[in-house]
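First comes the structure, then the notes that go with it.
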């Protein structure tokens with residue numbers, strides 16, 4: 001019974017975020033993909049990009065990208081990242097909020113309270129320095145992301161072909 005719980009019921013979402021992503025990819029490839037719905041919180045983070053580069057480059061790039069697109073707040077960023085990655089990458093509030101405060105202290109983003117007279121959502125918008133950093137990170141991180149894609153493709157080819 002425990003094994004069945006791990007695999008999930010037929011037609012139900014698998015419990016494992018990697019299994020959910022794989023299922024979604026199979027459905028997209030076969031054309032049977034259901035309507036896209038917001039990702040469920042995975043409950044645990046997968047360190048897909050590995051420690052330091054993820055914290056130093058990939059997440060800041062993604063956060064700057066999302067904030068440049070539309071000013072937003074921390075919990076919405078968490079939800080957007082989980083939706084973009086179909087729940088494979090789960091961002092902890094203990095990761096996102098210190099990053100936002102550090103980016104604000106560096107002048108890359110600017111925060112303002114939704115209701116200045118009381119603590120509410122803090123909306124962040126990108127600054128001119130943030131746009132420069134975004135451009136720099138885009139150029140710097142792309143080769144790394146290409147190598148991750150290439151490596152995963154090689155692993156998949158080795159195992160499944």
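Being surrounded by 11 or more Cβ atoms within 10 Å (Cβ to Cβ), touching a residue at least 24 places away in the same chain (Cβ under 8 Å) and out of contact with any helix residue (DSSP H, G or I) (no Cβ under 9 Å at 6 or more places or on another chain) is the requirement here; does residue 79 meet it? Yes. Residues considered: 140, 110. Of these, the only one that is surrounded by fewer than 18 Cβ atoms within 10 Å (Cβ to Cβ) and not in a helix (DSSP H, G or I) is 110.
Values in this text are rule-based calculations from the coordinates and carry no lab data. Every value quoted in this text rests on a predicted model; they were computed, and no experiment measured them. Virtual Cβ from ideal backbone geometry, glycine too; neighbours counted across all protein chains shown.
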